[in-house]
Amino acid sequence: MEGIVFMSSVKWLLARKRKNSWNKDVYDTSYALAALADTGTQDRDGCNWLYEHYCPSWEQVGTTSLLITALKKQDNLAKSKDFETFIRERAEWILSKRANDGGWQYISTSNLAIQALLLTGFKDELEPSIRWLLKNVHENGSWGNQTDDVNATALTLSTLGLYNKT
């Protein structure tokens, strides 16, 4: 049963792609490509759309991190290095935007950046960022602006899990 639901969801997502993107949107396209890669589905046209449409308005740490994650997951799946130079340059740019304390301005942005950088092979450079994350946990075990921020806490746990796996 799970396989049927899984495949119908992949088909549903692919059916919503128009002119090589999802809603002509960097976020929708990045999330779709990353999810498809996680399901073993390649989509080079979507990757090309992200690469070709990269522009200054997307040059924010969180946005660029999502884009890198999508391209890297798709490149890994395809066993190619089609976007390797672009990914490396953008990853180095993200790393250059890190604050002296090891984080990026917001906890969620920091998580997206760390995840992208881990996927691109920058684990050694991320120890200060992991320390920053751990230092910013609330007494109750949550992360984020509030002590009940489920999204920030879940994102941080995913980041820490990925860090431990790499």
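The values are calculated or read from the model by the stated rules, or taken from the named source; none is laboratory data. Keep in mind that what you see is a predicted model, and the values were worked out from it rather than measured. Note that each Cβ is placed from the backbone with ideal geometry, even for glycine, and that neighbours are counted across all protein chains shown.
For this structure, a couple of remarks:
- Those helices (runs of 4 or more DSSP H) lying entirely in the range 60-147 with at least 1 residues within 16 Å of Thr159 (Cα to Cα), modelled with pLDDT of 95 or more and in contact with a strand residue (DSSP E or B) (Cβ under 6 Å, 6 or more places away or on another chain): none
- Asp38 being assigned by TED's automatic domain parsing to the domain that holds Ala91, out of contact with any helix residue (DSSP H, G or I) (no Cβ under 9 Å at 6 or more places or on another chain) and either under 18 Å from Lys72 (Cβ atoms) or surrounded by 15 or more Cβ atoms within 10 Å (Cβ to Cβ) (or both): no
- Out of Thr64, Thr39, sole residue that is over 28 Å from Ile4 (Cβ atoms) and not aromatic (Phe, Trp, Tyr): Thr64
- Scanning the range 107-136 for residues that are aliphatic (A, V, I, L, M) and surrounded by 15 or more Cβ atoms within 10 Å (Cβ to Cβ) yields Ile107, Leu112, Ala113, Ile114, Ala116, Leu117, Leu118, Leu119, Leu126, Ile130, Leu133.
- Subset of the range 148-166 [under 23 Å from Pro128 (Cβ atoms) and either in contact with a Pro (Cβ under 9 Å, 6 or more places away or on another chain) or in a loop (DSSP other than H, G, I, E, B) (or both)]: Asp149, Thr166
- Among the residues listed as Leu77, Leu71, Leu50, the single one being outside the structural domain of Leu126 (by TED's automatic domain parsing), closer than 28 Å to Glu125 by Cα and under 12 Å from the mean Cα position of the chain (by Cα): Leu71
- Among residues of the range 6-32, those that are touching a Ser or Thr at 6+ places or on another chain (Cβ under 8 Å) and either more than 23 Å from Gln115 (Cα to Cα) or part of a helix (DSSP H, G or I) (or both), counted: 9
- Taking each residue of the range 147-165 that is assigned by TED's automatic domain parsing to the domain that holds Ile114 and over 8 Å from Asn111 (Cα atoms) and looking for partners that are exposed (fewer than 13 other Cβ atoms within 10 Å of the Cβ) and modelled with pLDDT of 95 or more with beta-carbon atoms closer than 9 Å, six or more apart or interchain, yields Leu160/Leu134.
- Whichever residue in the range 81-106 is over 14 Å from Thr69 (Cα atoms) and of a type in the set (A, V, I, L, M, F, W, C) and, among such residues, is surrounded by the most Cβ atoms within 10 Å (Cβ to Cβ): Trp104
- Trp12 vs. criteria buried (at least 19 other Cβ atoms within 10 Å of the Cβ) and over 23 Å from Gly121 (Cβ atoms): no
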